[in-house]
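Asker: Attaching a single structure in C-alpha cells format; questions to follow.
Bear in mind these aren't lab numbers, they're just calculated from the coordinates by the rules spelled out. As the structure is a prediction and not an experimental result, all values here were calculated from the model. Positions of Cβ are generated from backbone atoms using ideal geometry, with glycine treated the same way; all protein chains shown enter the neighbour counts.
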C-alpha cells in the first residue's frame with residue numbers, strides 16, 4: 001500500500017474541479033507542491049508570477 005502525499009492529492013482535486021491554470025509565486029512554503037507539479041506533468045498548468053499579489057490579479061483576469 002502506498003500513501004498519497006497531500007501535495008499530490010491537492011493537484012488531483014484541482015484537476016477534478018476542472019482547474020486549468022494556477023497562478024502562484026514560488027517560495028519555501030510551497031516547495032512540496034512545486035515538486036508535485038513535476039510529478040503531475042504540469043497539470044494543471046503552473047504559471048509563475050513575479051509577486052504573490054500579482055498572482056491574485058492574474059487569476060481574476
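Asker: Tell me, yes or no, whether the range 8-21 has at least one residue that is in contact (Cβ under 8 Å) with a residue 12 or more places away in the chain, part of a loop (DSSP other than H, G, I, E, B) and loosely packed, with under 13 Cβ neighbours inside 10 Å.
Answerer: yes
Asker: Mind listing whichever residues of the range 33-61 are assigned to a loop (DSSP other than H, G, I, E, B), free of Cβ contacts under 8 Å to residues at least 24 places away in the same chain and over 16 Å from residue 9 (Cα atoms)? Reasoning before the result, please.
Answerer: Filtering the range 33-61 for residues assigned to a loop (DSSP other than H, G, I, E, B) gives 40-44, 49-51, 61.
Filter once more, so that each one left must be free of Cβ contacts under 8 Å to residues at least 24 places away in the same chain: 41-42, 61.
Within the range 33-61, just 61 meets the criteria.
Asker: I would also like to ask the following. Just to be sure I understand, how many residues within the range 22-32 are touching a residue at least 12 places away in the same chain (Cβ under 8 Å) and in contact with a strand residue (DSSP E or B) (Cβ under 8 Å, 6 or more places away or on another chain)?
Answerer: Final tally of qualifying residues: 5.
Asker: Working only within the range 33-46, note down all residues that are exposed (fewer than 13 other Cβ atoms within 10 Å of the Cβ) and touching a strand residue (DSSP E or B) at 6+ places or on another chain (Cβ under 7 Å).
Answerer: 45
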